[in-house]
1. Do we find that ILE218 is surrounded by fewer than 24 Cβ atoms within 10 Å (Cβ to Cβ) and among the aliphatic types (A, V, I, L, M) in this structure?
2. Here's a check for you: in segment 194-215, which residue that is buried (at least 16 other Cβ atoms within 10 Å of the Cβ) and touching an Asp or Glu at 6+ places or on another chain (Cβ under 9 Å) is modelled with the lowest pLDDT?
3. Of the numbered conditions (1) open to solvent by less than 30 Å² (accessible area, probe 1.4 Å); (2) in contact with a Lys or Arg (Cβ under 6 Å, 6 or more places away or on another chain), ASP255 satisfies every one except a single condition; which is it?
4. Quick check on ILE195: is it over 25 Å from the mean Cα position of the chain (by Cα) and either within 22 Å of ILE185 (Cα to Cα) or part of a strand (DSSP E or B) (or both)?
5. Here are some conditions: (1) under 30 Å from ILE76 (Cβ atoms); (2) open to solvent by less than 100 Å² (accessible area, probe 1.4 Å). LEU59 meets all but one. Which one does it not meet?
6. With among the basic types (Lys, Arg) and surrounded by fewer than 10 Cβ atoms within 10 Å (Cβ to Cβ) as the only criterion, which of LYS4, LYS86, LYS73, LYS15 stands out?
7. Mind listing whichever residues of segment 279-307 are surrounded by 15 or more Cβ atoms within 10 Å (Cβ to Cβ) and over 20 Å from SER203 (Cα atoms)?
Amino acid sequence: MEFKSFYRKIKQLFKDISANWKTHYRLTIKTEENHAEKFSLILTPQRIFVIVGSAAVFLIALTALIISVTPLKYYIPGYTTLEEHKLYLNVSAQVDSMSLLAQQNQQYLDNLYNILNDQIEEDENSMDGEGSQTASHDLTERDNAQKEAMEEVDNQANMLLSNNVRTEEDNSKIPVTHRANISNITLYTPTTGMIVKNFDMASNHYGIDIQNKKHTIITCVADGIVIYSGFDPISGNTLVVQHPGNIISIYMHADVLLKSVGTKVTMGEAIAKMGMSGNDDIKGPHLHFELWYNGFPVNPLDYIVIK
């Protein structure tokens, strides 16, 4: 009922306006003392509507013009020039890079502290399978800021890998009879397959070569932290893992690397897939596995069993 009553009132109002649309009215201004006429204006509802509408459009246009040609436009939230927008994007990118760099530096310091104190925690964010392969691929596309953040770790690992290409003069410094002993350690088998080349200190072969089908899973022999993950012309796709007790394991000639630098890995976790990358005299997919203790290579077969 209330709606119908309101509707009737609105309808009646429009009828009254349309009926008097062109009815003339006089607007007069008189003095209060003697009622002398000072100003008079003939008006109609039509003329009033046109005048008010024109005045509103004029005021809107004038306001927009003033804002666009004066410094008032800079007080409008969200307004910016093209140069300021480019500057904002540049600063935003720099802030993101600095944030990533700070995170990587903090992660490196935390990992280094854990290594020095023989503390290895389980990696809740570790990845395996295709997701890990995607993460490894994304790592190669990170910006220079992230690469610089891990440069020191890579340099340490490269110094270790350089031991595999020593000259005979360098190798003569390590006694052939020297054999480091690792006591009270349990290691997981790095992969399955057939051993095609054994550890031989005398011939500068510091590991064992295990051959199997391409993409055979390579697993980590113990809990640790990845300190190198990358490609080397000689050793191919290589992973280096630092373990507690000053033990380092090296996995060479992989086809796919599933872990990145700084990742915490656990015993038996998949870290790579077997391949034949790099330069080696062994043909076909295989894993060259080395075990180092206190800076000296040891025979992996003394601590693991290959199935």
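1. Judged against the criteria, ILE218 is not a match.
2. Taking the candidates together, the pick is ASN204.
3. (1)
4. Yes; evaluated as a whole, the condition is true for this residue.
5. (2)
6. LYS4 is the lone residue from the list that is among the basic types (Lys, Arg) and surrounded by fewer than 10 Cβ atoms within 10 Å (Cβ to Cβ).
7. PRO285, TYR303, ILE304, ILE306
A quick yes/no check of all residues on (1) of a type in the set (Lys, Arg); (2) over 26 Å from GLN103 (Cβ atoms):
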| residue | (1), (2) |
| --- | --- |
| LYS197 | yes, yes |
| CYS220 | no, no |
| ILE234 | no, yes |
| LYS259 | yes, no |
| GLY268 | no, yes |
| LEU291 | no, yes |
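The values are calculated or read from the model by the stated rules, or taken from the named source; none is laboratory data. Computed from a predicted model, the values in this text were never measured in an experiment. Cβ coordinates were reconstructed from backbone atoms using ideal geometry, including for glycine residues, and neighbour counts include every protein chain displayed. What goes into the accessible areas is simple: the full protein's heavy atoms, side chains included, and nothing from ligands, DNA or RNA. Shrake-Rupley method; radii C 1.70, N 1.55, O 1.52, S 1.80 Å.
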